[in-house]
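As structure tokens, the structure follows; a few thoughts come after it.
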Amino acid sequence: MTRCLVISAMMMVLMIAATAAAAPAIAVDAPEYSHGTVFEGFAIVHSFVLRNTGDAELRIGRVTATCGCTATELATDRLAPGQSIDLQVLIDTTGYRGASAWVIHVDSNDPVTPRLTLRITATVTPSQPYHVSVGDMNYLFYLLIDLRNPDRYAARHLMGAINIPYEELDQWTERLPRGVLLILYDDRGDRSDLAARALIERGFNEARSLLGGFAEWTHRFGEKLTLADPSNP
């Protein structure tokens with residue numbers, strides 16, 4: 001009886017010791033990435049490969065940055081032993097000059113390394129006066145939409161406008177960009193008002209109607225910034 005108790009106690013101790021020894025371990029192929037030289041305003045994109053080299057499930061918590069960079073949302077926050085996942089980081093270099101560094105922290109349940117530190121470095125050179133960064137273009141970008149029929153559009157329209165007849169606008173909602181200023185116009189602004197309200201209801205919060213439409217533009221500015229289709233008779 002006593003011997004059985006001793007054996008049982010030993011087995012319990014071994015099981016507890018084995019359980020205590022099992023732990024996740026976070027690792028990365030390369031914790032630091034050097035991008036080299038980049039013009040100010042250009043984006044740096046790099047993927048870090050995170051791995052669980054331990055023998056228990058790795059749970060990834062917050063991913064934070066000490067800079068103006070963004071990290072994509074991970075496909076999963078849990079990795080079984082041996083599994084890996086890509087963490088993509090995007091850095092906007094606008095406002096940086098010379099030798100620069102960006103730091104990203106990855107928190108996890110790794111008892112040895114509860115916070116993994118990743119680092120990206122680059123030398124940022126000033127852009128030229130004639131350059132525009134993609135970040136600035138994204139901020140400044142807008143889309144002009146001419147809601148008139150194709151004949152009216154071909155006769156004369158605002159430069160840069162695309163033609164989406166009012167009746168066909170519903171067919172375009174899946175193709176229009178969200179988070180971008182959408183300026184809609186027709187001849188006098190009646191249908192563009194309706195279109196802007198309808199788009200806002202569908203989540204296009206930046207949709208706007210040109211007051212007075214194309215008629216108001218030509219009344220104030222004539223043919224400035226307008227085009228006619230040369231093939232239009």
Exercise. On alpha-carbon atoms, Rg over Rh for region 141-227 using Kirkwood Rh?
Worked result: 0.94
Problem set entry | Correct option for mean projected area of the Cα convex hull in nm² [calculated from the coordinates] among [x] 21.3; [y] 12.8; [z] 12.0 | [x]
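Within the chain, which is the longest segment containing none of the GluC sites (Glu not before Pro) that sit in a DSSP loop and have at most 12 other Cβ atoms within 10 Å?
Formally, the longest exposed-site-free interval is 74-173.
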Seminar exercise, completed: Here region 214-224 yields Karplus 3J(HN,Hα) values (6.51, -1.76, 1.60; θ = phi - 60°; whole Hz; Gly and Pro given as x) of 5, 5, 5, 4, 5, 5, 8, 10, x, 9, 4
Seminar exercise, completed: region 83-120 and region 28-47 have their Cα centres apart by a whole-number Å value of 11 Å
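Give me the percent of DSSP beta bridges within the chain that run antiparallel, rounded to the nearest 5. Before the final figure, lay out each step's value.
Values: 33 of 49 bridges.
Within the chain, antiparallel bridges account for around 65 percent of the total.
For region 141-227, what proportion of DSSP beta bridges, expressed in % and rounded to the nearest 5, is antiparallel?
Details: 2 of 12 bridges.
Taking every DSSP beta bridge with both residues in region 141-227, the antiparallel ones total about 15 percent.
Quick check for me: using +1 on Lys/Arg Cβ and -1 on Asp/Glu Cβ, what's the dipole size of the chain about its Cα centre, in debye to the nearest 20?
580 debye
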Exercise. For ARG188, what charge total do you get from the other residues with a beta carbon under 11 Å from its beta carbon, if Lys and Arg give +1 and Asp and Glu give -1?
Worked result: -3
For this session: Just the number, please: Stokes-Einstein D of region 24-125 in µm²/s, Kirkwood Rh from C-alpha pairs, 10 °C, 1.306 mPa s.
Result: 113 µm²/s
Seminar exercise, completed: Given backbone amide H placed at 1.01 Å from N, residues whose amide H is under 5 Å from that of TYR33, ignoring those fewer than 5 places away on the same chain, are ARG119, ILE120, THR121
Exercise. Can you tell which of THR125, GLY95, CYS67 lies farthest toward the positive end of the dipole of the chain, using +1 and -1 charges on the Cβ of basic and acidic side chains (Lys, Arg; Asp, Glu)?
Worked result: CYS67
For this session: Using θ = phi - 60° and the Karplus relation 6.51 cos²θ - 1.76 cosθ + 1.60, list the HN-Hα couplings for region 87-100 in order, rounded to whole Hz, with x at every Gly or Pro.
Result: 10, 8, 10, 10, 10, 8, 7, 4, x, 9, 9, x, 5, 10
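Within the chain, which is the longest segment that contains none of the chymotrypsin sites (Phe, Trp or Tyr not before Pro) sitting in a DSSP loop with at most 15 other Cβ atoms within 10 Å?
1-129
FYI, it's all coordinate maths here, none of it is from the lab. Just so it is clear, the structure is predicted and the values come from calculations on it, not from any experiment. FYI the Cβ positions are ideal-geometry reconstructions off the backbone, even for glycines, and counts take in every protein chain you see.
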